[in-house]
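Beneath this line is the structure, given in C-alpha cells, with notes to follow.
The values are calculated or read from the model by the stated rules, or taken from the named source; none is laboratory data. Keep in mind the model is a prediction, meaning the values are calculated, not measured. Neighbour counts are summed over all protein chains in view; Cβ atoms, including those assigned to glycine, are modelled from backbone coordinates with ideal geometry. Ligands, DNA and RNA are stripped out before the accessible areas are found, and what is left, the full protein with its side chains, is counted by its heavy atoms. Shrake-Rupley method; radii C 1.70, N 1.55, O 1.52, S 1.80 Å.
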Amino acid sequence: MTELAAYPARVAALRAAVEGGGVDEVVAQLVELAEVNNWGFANPSAEEVLQPMGVRAHKDLLLALIERMRAESRPAVTENLYELVTRLMRLLWRPELDDRIELSLHIAGTRWTSHDAGHVTWARRLVALGRPVPVPYVATLRRTSQMSYHSLRELDDALAEIDAPLLNPGEAWTDRVLADLPGLGAPWPALVTHAGTATSSKPSAKFERTGRQLLAAVGDEAARPVLTGWLSLVGKPRTQRLIRRGYEPDVNEAFDSYNSTTLRGLIWLVGLLPAHDDTARLLGALVETSLRKAAGLGPRNPKTANTAVQMLARNASEAALAQLARLATRVTYKGTLKELTAALDTRAAALGLTRDEVEELAVPAYGLTEVGRRVDDFGDVRAETTVDADGVRTAWRNAAGRPVKSPPAAVRRDHAEAFNELKAAVKDLEKMLSAQADRLDRQFLTQRVWKFGAWRERYLDHPLLGTIARRVIWTVGEQPCAWSGQELTTLQGAPVDAATDAAVRLWHPIGRPVEEVLAWRERLEHDLVVQPFKQAHREVYVLTAAEERTATYSNRYAAHILRQHQFHALAAARGWRDRLRLMVDDDYPPTTRDLPEWGLRAEYWVEGVGDGDSYLDDVTDSGAYLRLATDQVRFYAVGAPEHTAHASGGGYSYGVDRPADGLPLSEIPPLVFSEIMRDVDLFVGVASVGNDPTWQDGGPQGRFQEYWNSYSFGDLSGTAQTRRDMLTRIVPRLAIADRATVEDRCPLSAGSSAMACRCGVPDAGLSHGAPTNGSPLRRAGQRSVSALRVSGGSGRSL
C-alpha cells in the first residue's frame, strides 16, 4: 500500500483529472487513491474533489468505477473501491429514484450472493417500468437462489419476470458461449437450453434422446470443435471479478453455481459424440481443473469432476481408459475417487481382468515406437521425442539435418494438425509418466506379483513404462536384478534367464542384507541411474527399543507441531484418510491408512492446537486449525471400531471408553511397519513448523519456542540421515571435494567460507518420487547435484 503521506499528491492529481473532464483518467486516479483508502477522513475528501462534476458525469463515473472493480485482482483495493462507490452513491449523486435503483443493483451485482429483499423489490420495479435489470445483479440473484437451503418465493418470482441471458456472464467459458451463439444458427440456442435441464446426477433416457436429435441437427463433426472449445475454457480466471466478503470463500475461484447445471449438460452432450482422443483428453483435464482447491472452499466443483468421470467411463476408447487410469493415481477427493474406482472396476469385470491388469494395459504408447523414443517427420523436418529420467524432451532437426531450438515455421504452417497432435502427445506423456511412477511406488504395500512374460511385455519392453521399469530394481524368482543397458542382470552382472511364469516383484530394502543394499546403491550411482522413486536409497524403519517397550503403539513421531493444511495434502497424496479439523464442538477420527491386502489399518493420532484466547492466531478465516499436535501411531485390524477425539483435544477414545490397545507392533509385517513409518516421517519432516526459520521466536506469543529449538537442533530424521549418507559418498566426487567436509548434521565447510547443506530439512519435492530422488548423480561429468542444495555465503549456488 502507498504511504498515507502520498495522499495530498494523489488528491492533486485527482483534481487535475476532474478539471480535464475525462472519466477514465478520474477512475485511474481513484484507483491510486484506493491504495490509501482515506475517503472520508482526509482533507479534502474525494467526494469534495469530485463535487464539480455534473450529474451525468457522476453516473458515468460510478458505472466506470463498478467495471473497474470487476477487473481489479487486489482484494484490498477492490474492497476500498467498493466503499468509495457506496459513499459516492450516498453523498454525491442525487438523481431520479429509478436511476439510483439501477446503479444500486449494479453495485449489488459485484457480490457472489445477496439476500437484500429491498434489492429484489427494486428489480421488479425496473421490470414494471420496462427498464433492463443489470445483468450482473441477475447473476447474483440466480446464485442466491441456487445456493439457498429453502425456496425464496419472492426471489424466484422476480427471476421469472426478468429477461436475462441463458448463462451468467463473468466466466471465460460462458462469455464465449454467449458471444458465439448469435452466429451459430438455429439449433445451437436449443442445444444450450437443453443442456440447462441437466439437473440429475446422471443423464436420463429423455435427455439423451433429445440431445442426440439436437446434435444430429448440428452434425457431430460440427458440434465437436464448438463444444470442446467452450469446455476448454472452464476453470479459467473470471472475466468479471466479484468482491469477496471477509467470511466468504474465494468466490473468484469457485464455479458459478447457476452455470454449473448447463456445464454438466454440455459435458453430457460431448459424451454423446463419437469417441475421440481429444475428447478424452479434455474430460481428464476437466476433472483436474474442477478438483483444484480454492481457499475456504476446498475442491472447486466436485460435481463437474464426477460428471467428466462418468463420461470417460461411458467412452470405450483406449484414450478414455488411459485417462481413468491416470486420474486414479492423481485424484485424492473421496467422491471422485470412488467414481474412478467404480469405472475401472466395471471395465475390468467387462474384460475379465483384475483392476491392476486394466490399469497396466491402459497405458498408451503415445506414438513411441521403442522404449522412450518417438520420431515424427514433417516433410524434411524431423522431431525426435525422448523419455528418460530428465522427463520428456523433443529435439528438432531442420531440412539440412542441423539441430534447431524450435520447430521451423513451415512445420506450424504446413503440418498444423500433426504438429498439434505431437504437442498434445508430449503433454500426455508428461502427465502419464509422473502418474505411473506414483502408481508403481504404491505397489510396495500391495505386494503385486507378475508373471515374467506378462511383466516383460507390460513393463520392461513397454514404450513408456519401460522408461520407468528399466530404472527400478526387481526380484525375478528370488534373484534381485536390474536393467544394465542391454539386458536384465544380477548384482554381479550375470544375465537373468527366467521362465515366462517366473514370479516378478518389486525389490524392497527391508529385510535385505546391508551389504546387498549398499551394493545396489553403488551400482546405481556408478551407472548414473536416476530412479523414478526412492528404492535403493529408500528409508527403512525397524522397531526401536522404545517401541518394543510400549508394545502396541509408537511415540517416535509424537509431540510435533505440524501445519494442518500441508499435512492434510500430504496425507491425501500418500493414500491416507484425513479430515480437516475445525475449532468447533465436534469429534474427529484419527488420520488413517487402510491396508486391505494385509487386513490392517494404521492410525496416526493428531489434534488441533489452539484455544479461545488465541483464536485469531490459531485458525483460518473459515475456522480450520492452522496447526496440529501429533501423538501415537497405532495398528488395528480392518473393521475394528475407529477412535475419535474432540476437535480441541482431550485424547482418543471409543465414545466414553478408553482407547483400545492396538495390535502388537512386533506382529506387524516389517514391510508394512517400515512404509507406514516412512509416510509419517514424511508428514513430520515436511509439515513441521520447525522447518520455518522465521519461527526462531517461537511463533505466536512464542508458544512453540521450545519445540522449534528441539526440532531444529535435534536428531536427524530417517530422510535426512539418508541424504547425509548420500553426501558422504558424493562430496568426494565433486569439484569442491578438496575443501569440503560432511559432518554429523551435514554442514559443509570450505576454507573461510561456511556453507550449509540443508539435508536436515526435508523437501516435499524430494519425497514424492521426483526424478532427483532415486540417485544423486544425473549425468556423466556433472559436478553439481540437484538433490544436494549447497549455498555459499554470497548466496550463489555451488
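Its convex hull of Cα atoms gives the stretch 272-369 a direction-averaged projected area, equal to a quarter of the hull surface, of 6.7 nm².
Pairwise inverse Cα distances across the stretch 321-456, averaged and inverted, put the Kirkwood hydrodynamic radius at 17.1 Å.
If the chain linking Asp661 and Glu48 were pulled fully straight, counting 0.36 nm for each residue of separation and taking away their Cα-Cα distance, it would gain 213.3 nm. To the nearest µm²/s, what D does Stokes-Einstein give for the chain at 20 °C and 1.002 mPa s, using the Kirkwood radius over alpha carbon pairs as Rh? It diffuses with D of about 69 µm²/s by this estimate.
Only residues of the stretch 323-347 count here: report those whose backbone N is under 11 Å from the spot 7 Å along Cα→Cβ of Glu288, or say none. Output list for this probe position: 326-327, 330-331. With θ taken as phi - 60° and the Karplus curve 6.51 cos²θ - 1.76 cosθ + 1.60 applied, the whole-hertz 3J(HN,Hα) list for the stretch 624-641 is 7, 4, 7, 9, 10, 9, 9, 9, 7, 10, 9, 10, 9, 6, 4, x, 5, x Hz, x standing for glycine and proline. The length gained by stretching the chain between Arg131 and Lys202 to full extension, at 0.36 nm per residue less their Cα-Cα distance, is 21.6 nm. Rounding to the nearest 10 and keeping the result within 0 to 90°, find how far the Cα-based axis of helix 23-34 lies from the longest principal axis of the chain. Once rounded, one gets 50 degrees.
Of interest is the spacing of the C-alpha centroids, which for the stretch 670-699 and the stretch 160-226 amounts to 50 Å. In degrees from 0 to 90, rounded to the nearest 10, what is the angle of the helix 55-71 Cα long axis to the longest principal axis of the chain? Relative to the chain, helix 55-71 is tipped by roughly 10 degrees.
The distance linking the stretch 420-465 with the stretch 477-520 is 19 Å (Cα centroid to Cα centroid, whole angstrom). Relative to the longest principal axis of the Cα atoms of the chain, the long axis of helix 257-272 makes an angle of roughly 60 degrees. Note on His526 and Val542: the model spin-label points, each 7 Å out from Cα along the C-beta direction, lie 2.6 nm apart.
Given the convex hull of the Cα atoms of the stretch 378-475, what is a quarter of its surface area in nm²? That works out to 7.7 nm².
Couplings 3J(HN,Hα) for the stretch 295-305, derived from phi with the Karplus relation 6.51 cos²θ - 1.76 cosθ + 1.60 (θ = phi - 60°), are 4, x, 10, x, x, 5, 7, x, 4, 5, 4 Hz, where x marks Gly and Pro. For the stretch 246-275 versus the stretch 564-632, the inter-centroid distance based on Cα atoms is 30 Å.
Compactness ratio for the stretch 590-712: Cα radius of gyration over 2.2 N^0.38 Å (N = residue count) comes to 1.21. Once a ≥ b ≥ c are taken as the square roots of the eigenvalues of the Cα gyration tensor of the stretch 97-156, is the result rounded (a/c under 1.5), prolate (a/b larger than b/c) or oblate (a/b not larger than b/c)? Taking the square roots of the gyration eigenvalues as a ≥ b ≥ c, the stretch 97-156 is prolate.
Here the calculated FRET efficiency for Leu184 and Lys236, from their Cβ-Cβ distance with R0 = 22 Å, stands at 0.60, rounded to the nearest 0.05.
In this structure the amide hydrogen of Leu488, modeled in the peptide plane, comes within under 5 Å of the amide hydrogens of Val496, none closer than 5 places in sequence on its chain. The residues of the chain expose on average 45 square angstrom of accessible surface per residue, using a 1.4 Å probe on protein heavy atoms. The number of Lys pairs in the chain with C-alpha atoms less than 16 Å apart, excluding pairs fewer than 8 positions apart on the same chain, is 9.
One quarter of the convex hull surface built on the alpha carbon atoms of the stretch 492-621 amounts to 13.5 nm², the projected area averaged over directions.
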